1. Condition first: small (Gly, Ala, Ser) and modelled with pLDDT of 95 or more. Can you find one or more residues in the range 36-59 that meet it?
2. Out of curiosity, is ARG12 in contact (Cβ under 8 Å) with a residue 12 or more places away in the chain, assigned to a helix (DSSP H, G or I), over 25 Å from LEU167 (Cα atoms) and not assigned by TED's automatic domain parsing to the domain that holds GLN164?
3. Output the number of residues of the range 155-195 satisfying the condition of being in contact with an Asp or Glu (Cβ under 7 Å, 6 or more places away or on another chain) and of a type outside the set (Lys, Arg).
4. What are the residues in the range 103-120 that are farther than 27 Å from ASN154 by Cα, in contact with a Phe, Trp or Tyr (Cβ under 9 Å, 6 or more places away or on another chain) and crowded, with 21+ Cβ neighbours inside 10 Å, if any?
5. For the range 135-155, give me each residue that is in a loop (DSSP other than H, G, I, E, B) and either crowded, with 17+ Cβ neighbours inside 10 Å or touching a Leu at 6+ places or on another chain (Cβ under 9 Å) (or both).
6. If you check ILE147, ILE170, ILE156, which single one turns out to be aliphatic (A, V, I, L, M), closer than 13 Å to CYS89 by Cα and in contact (Cβ under 8 Å) with a residue 24 or more places away in the chain?
7. What's the number of the only condition in (1) in contact with a helix residue (DSSP H, G or I) (Cβ under 9 Å, 6 or more places away or on another chain); (2) among the β-branched types (Val, Ile, Thr); (3) over 29 Å from TYR2 (Cβ atoms) that THR114 fails to meet?
8. For the range 60-75, what are the residues that are surrounded by 13 or more Cβ atoms within 10 Å (Cβ to Cβ) and either modelled with pLDDT under 95 or under 15 Å from ASP9 (Cα atoms) (or both)?
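The values are calculated or read from the model by the stated rules, or taken from the named source; none is laboratory data. None of the values given here were measured: they were computed from a predicted structure. When we count neighbours, we look across all protein chains shown, and the Cβ atoms used for this are built from the backbone with ideal geometry, even at glycine.
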Amino acid sequence: MYYIATIKDTLRVPPKRFDEDLREILLELARAAFEEQIDPDLGFIVAVLGAEEVGMGKIIQGDGGAFYEGTFKTLCYLPADGEIVEGECTETTDFGLFVRISTIDALCHVSQITDDFFSYSANTGVLQGRTSGRKLSVGDRVRGKVIAVGIGNNNIRVGITMRQAGLGAIEWIDKWKEENEARRKKQKAGEAEEEIK
């Protein structure tokens, strides 16, 4: 999920930039330092939104720059266990498919696609269900549920499932909704018929 977090850090302003607007310099330096980084506590730092507080600058002997402590407002993304996510299939393999959710590619293992057995065709790059005939390929929009999140120093690993009702390829979900609606209408018509008798 996306959320706002604050980061407090000290940034070095080089002497050649002393005549520029301090907040703008610090915001630029913070963006270069934090954006597109992974933090074990915050997750993926998508953007630095602004500089909230700027402390007094300090000069360290032997360094011509000035060091400013600042507080920065950031937009972060960290998938949560149980979160329902939607994304595009970016890669299919013999062991599953990768789905781009926000800034992360999540893995949906073949055993987590549906109750059907899915096999992979390397020639076409398609995962196909043995019984259902359903297919998944690069570019398909899918909906899944986050079941595992692991954060390392340089990556975030996410596992998703599409086995529950209302999950899977968007076209499967639309078909499932239509079938449920038709079933509901048929049931409602049957109940109305019973009332007439």
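1. Yes, that holds for at least one residue.
2. Taking the combined requirement at face value, the residue does not satisfy it.
3. Of the residues in that region, 1 qualify.
4. THR114
5. Once the filter is applied, which keeps residues that are in a loop (DSSP other than H, G, I, E, B) and either crowded, with 17+ Cβ neighbours inside 10 Å or touching a Leu at 6+ places or on another chain (Cβ under 9 Å) (or both), the range 135-155 yields SER137, VAL138, ASP140.
6. It is ILE170.
7. (3)
8. GLY65, ALA66, PHE67, TYR68, GLU69, GLY70, THR71, PHE72, LYS73, THR74
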